[in-house]
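A quick write-up on the structure given underneath.
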Amino acid sequence: MSGSINELRTPLSKVRGLGSAKEGTDHFWRQRLTAIANVPLILFFLWTVISLNGASHKDVVAHLSSPIVAIVMLLVIISGIVHMKLGMQTIIEDYVHSDRTKIALLILNIFFAFTMGLGACFAILKLAFGG
Amino acid sequence: MANLNASSNRPLSPHLSIYKPIPTMVMSIIHRITGAALYFGTILVAWWLISAASSEAYFEWVNGFFGSFIGRLILFGYTWALVHHMLGGIRHLVWDTGRGLEKETATKLAYATISASIVITVILWVIGYAVN
């Protein structure tokens, strides 16, 4: 097959295996990676939120500022945000066909993900470093 | 682009609306809807964390909103979306290994996902009220 006139892909492109979008299986890989990470992380998040139900501001701050809780909460946010950004990107690519709207929404998706992610991480770090 | 009319008059192949809903299909749609809902639910998580990091007064105000009837309704929906999306996701991870793809098994998994998501959500809320 290689070297045949019907084969326009170069050997290098085949070896790299990145396809025409130059991303290969990157989106799929990150989606599954964060999906697996999210299972224990979201369970931790649920447990944290439920145990803090009805707690005073002082108790919530004390709980969230414990290093272990803060570190795992940062992981929850980072993994969740990456997973969420990839998912919304897929939804946009599936349903929005006009280039202008699609690109605008893809940009908004990235802005939203970074704003929520940074906002939540900043809050966790502020609490962790003593409010 | 040049011949927009010609392409827009083409008949569509059978679409979503002509099929009788089947469990696996409904779960697939719900998986995407809960995913999109959780996307916007992130605002609630960030808002809660930022309020805790801001001031006691602001935290109490946000807590008051979450504790209101509307707030609880939103959080209950958020909990269910989270649990359902997680169970649906685990189902996908199982499928990734090549298991559970037989027609009958996939249908059973679909029913298991919806039932378990409701049961787990209710249990989580019972625990939430119990620890309060």
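The values are calculated or read from the model by the stated rules, or taken from the named source; none is laboratory data. Not measured: the values here are computed from a predicted model. Cβ coordinates were reconstructed from backbone atoms using ideal geometry, including for glycine residues, and neighbour counts include every protein chain displayed. We work out accessible area using only protein heavy atoms, side chains counted, and drop any ligands, DNA or RNA first. Shrake-Rupley method; radii C 1.70, N 1.55, O 1.52, S 1.80 Å.
The 1.4 Å probe gives accessible areas that order A:61, B:126, largest first, as B:126, A:61. Under a Gaussian network description of chain B, with springs only between Cα atoms under 10 Å, the residue in B:35, B:98, B:77 that fluctuates furthest is B:98. Over chain B, the hull volume per residue, using the convex hull of the C-alpha atoms, is 215 Å³.
Spin-label pair residue B:17-residue A:8: with each label point 7 Å from Cα along the Cα-Cβ axis, the two points sit 3.8 nm from one another.
Derived scalar couplings between HN and Hα for region B:38-52 equal 5, 4, 6, x, 4, 4, 5, 5, 4, 4, 4, 5, 5, 5, 5 Hz in order, rounded to whole Hz, by the Karplus curve 6.51 cos²θ - 1.76 cosθ + 1.60 (θ = phi - 60°), x for Gly and Pro. Listed by chain and number, the lysines whose C-alpha is less than 18 Å from the C-alpha of residue A:14, apart from same-chain residues fewer than 8 away, are A:22.
Derived from the Cα gyration tensor, the three semi-axes of the equivalent ellipsoid of the protein assembly as shown are 39, 24, 20 Å, largest first. The HN-Hα couplings worked out from phi for region B:67-80 by the Karplus form 6.51 cos²θ - 1.76 cosθ + 1.60 (θ = phi - 60°) are x, 5, 4, 4, x, 5, 4, 4, 5, 5, x, 5, 4, 5 Hz, whole numbers, x standing for Gly and Pro. The mean count of C-beta atoms from other chains within 10 Å of the C-beta of residues in B:53-65, rounded to a whole number, is 3.
The GNM of chain B, with springs linking C-alpha atoms under 10 angstrom apart, assigns the highest mean-square fluctuation among B:81, B:52, B:112 to B:52.
Only helical runs count toward this figure. For chain A, summing -39,500 (n - 2.57) over DSSP H runs of n ≥ 4 and dividing by all residues gives -26000 deg cm²/dmol at 222 nm. In sequence order, region A:103-108 has phi-based couplings of 5, 4, 5, 5, 5, 4 Hz under the Karplus curve 6.51 cos²θ - 1.76 cosθ + 1.60, θ = phi - 60°, and Gly or Pro positions carry x. Geometric descriptor of chain A, per residue, is 158 Å³ (volume of the convex hull of the Cα atoms).
In whole Å, what is the distance between the alpha-carbon centres of region A:84-118 and region B:24-70? Spelled out, the Cα-based centre of one part sits 20 Å from the other.
Residue A:10 exposes around 70 Å² of accessible area when a 1.4 Å probe is run over every protein chain in place.
Per residue, the average separation of C-alpha pairs within less than 8 Å and at least 6 apart gives region B:9-132 a relative contact order of 32 percent. Between B:43, B:33, B:120, the Gaussian network model of chain B with springs among Cα atoms under 10 angstrom shows the greatest mean-square fluctuation at B:43. Counting heavy atoms of the protein chains alone, residue B:131 has an accessible area of about 80 Å² for a 1.4 Å probe. Rolling a 1.4 Å probe over the protein chains gives residue B:17 an accessible area of about 110 Å².
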